[in-house]
């Protein structure tokens with residue numbers, strides 16, 4: 001008879017725990033991944049592949065998906081176990097990113113007066129199935145196009161919210177400046193020919209202050225200047241009649257109803273004999 005005693009070491013398999021619930025959301029989607037395999041001292045590295053070209057070696061990485069699509073997520077665990085060097089695991093279709101719509105809205109005009117209170121809105125959104133608009137004055141609509149009239153002075157923030165078939169939303173804002181108690185209008189031609197009609201070039205203005213106006217010829221020479229909104233140009237320079245031509249005008253003023261906000265206007269006027 002004879003006997004022999006030996007110690008046999010059985011190495012444990014690497015502990016692999018991958019928290020992989022399905023994730024869905026609207027673009028962009030941020031996913032917090034969780035892996036507890038580092039609790040096993042034989043694990044030396046974890047390599048994540050997020051399915052969109054992104055990778056990480058962090059234990060619990062945070063990844064942002066910026067393109068719509070469905071992504072398979074895989075993990076490779078590297079160990080110092082001589083029996084099992086690596087372990088890999090893949091979750092098919094773990095992350096689904098839905099496309100987001102793009103909100104967009106234009107308005108004409110964006111500056112209103114007491115004689116021009118109607119705004120035409122044009123829907124510029126993309127990829128939306130539902131659309132809502134809040135006009136900033138208490139009114140709203142599920143039709144993002146069309147027109148809306150404002151009834152009082154103020155700065156109105158118009159908000160558009162759009163939604164697609166996945167429930168994804170986007171928002172867009174623009175500003176409407178309504179000044180119902182101020183107006184500035186100026187003609188583009190006048191005829192100082194002494195027939196008693198359209199003899200003076202001057203603006204029609206209501207609710208403005210600190211007015212100044214300059215008139216220049218085509219060579220940039222100043223030929224008229226006034227600080228009186230009711231004192232217009234009669235088509236002369238130093239008592240001589242100016243030739244028929246196109247002249248440049250520039251006006252500066254403040255709207256009294258808008259906390260003395262300064263404004264500048266530049267344009268052309270045709271002098272016709």
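The values are calculated or read from the model by the stated rules, or taken from the named source; none is laboratory data. Just so it is clear, the structure is predicted and the values come from calculations on it, not from any experiment. Glycine also receives a Cβ, built like all others from the backbone with ideal geometry; neighbour counts cover every protein chain displayed.
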Failed condition for residue 155, given (1) modelled with pLDDT of 95 or more; (2) closer than 29 Å to residue 261 by Cα, with all others met?
-> (1)
Those residues of region 148-176 which are more than 21 Å from the chain's Cα centre (by Cα), surrounded by fewer than 16 Cβ atoms within 10 Å (Cβ to Cβ) and more than 11 Å from residue 112 (Cα to Cα), in sequence order = 165
Subset of region 36-56 (residues that are at pLDDT 90 or above and outside any strand (DSSP E or B)) | 50, 51, 52, 53, 54
Meets criteria (at pLDDT 95 or above, surrounded by 17 or more Cβ atoms within 10 Å (Cβ to Cβ) and part of a strand (DSSP E or B)) for residue 184 = no
Consider residue 221 carefully, then state whether it is more than 16 Å from residue 186 (Cβ to Cβ), out of contact with any helix residue (DSSP H, G or I) (no Cβ under 8 Å at 6 or more places or on another chain) and in contact (Cβ under 8 Å) with a residue 24 or more places away in the chain.
-> no
Check on residue 196, assigned to a loop (DSSP other than H, G, I, E, B), assigned by TED's automatic domain parsing to the domain that holds residue 121 and surrounded by fewer than 19 Cβ atoms within 10 Å (Cβ to Cβ) | no
